[in-house]
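Right, one structure below, let's go through it.
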Amino acid sequence: MKKIECYIQPFDFDTVAHAMAVEGVVGMSVTEVRGFGVQRGFHRGEEAPPGEYRFHPKMKVEMVVSDADVERIVQAIQDSLKSHMIGEGKIFISPVEDAIRTRTGERGEAAIH
């Protein structure tokens, strides 16, 4: 199992959520966050004073999926984000050791389906 975590622009959320529904993702968590990347939150052409940064609103979307589904889901996320602008988003993939459905005690992949 893998955890896919992506940080996207708030205006891209509906498009990404729709793509995940089409791909059959059955569980997803979404958090409104603030952050900055390489440009420290300054727009292209702006002077970024040393040591200063600006936080911008982002959406953090997380899901745990089967190893076999990772590439297909990551590709669907990438395909749904088409602006090709700086700050469009990042995707992180991490291993998940185990998952437990508290109601039934199911573990592993059975707990995420």
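Laboratory data are not the source of any read-out in this text; all were calculated from the coordinates shown. The shown structure was predicted, so the numbers you read here are calculated from the model rather than taken from an experiment. Note: ideal-geometry Cβ built from the backbone for every residue, glycine included; neighbour counts use all protein chains shown.
Count of lysine pairs in the chain with Cα atoms under 14 Å apart, counting only pairs 8 or more residues apart in sequence or on different chains?
Counting lysine pairs in the chain gives 5.
Could you state the per residue volume, in Å³, of the convex hull enclosing the Cα atoms of the chain?
Per-residue hull volume (Cα only) is 117 Å³.
Can you give the angle from 0 to 90° between the axis of helix 70-80 and the longest principal axis of the chain, with both taken from C-alpha atoms, to the nearest 10?
Result, in degrees: 40.
If you take every residue apart from GLU109 with its C-beta less than 14 Å away from the C-beta of GLU109, what net charge results, scoring Lys and Arg +1 and Asp and Glu -1?
Combined, the nearby Lys, Arg, Asp and Glu give -1.
Among ILE91, ILE77, ILE100, which one shows the highest mean-square fluctuation when the chain is modelled as a Gaussian network with alpha-carbon springs under 10 Å?
Per the Cα network of the chain with a 10 Å cutoff, ILE100 tops the list.
Report the net charge of residues surrounding ILE73, where surrounding means a beta-carbon distance below 14 angstrom and charges are Lys +1, Arg +1, Asp -1, Glu -1.
Overall, the nearby charge balance is -4.
How large is ³J(HN,Hα) for each residue in the stretch 92-99, as worked out from phi by the Karplus curve 6.51 cos²θ - 1.76 cosθ + 1.60 (θ = phi - 60°), to whole Hz, x for Gly and Pro?
10, 10, 10, x, 10, 5, 7, 9
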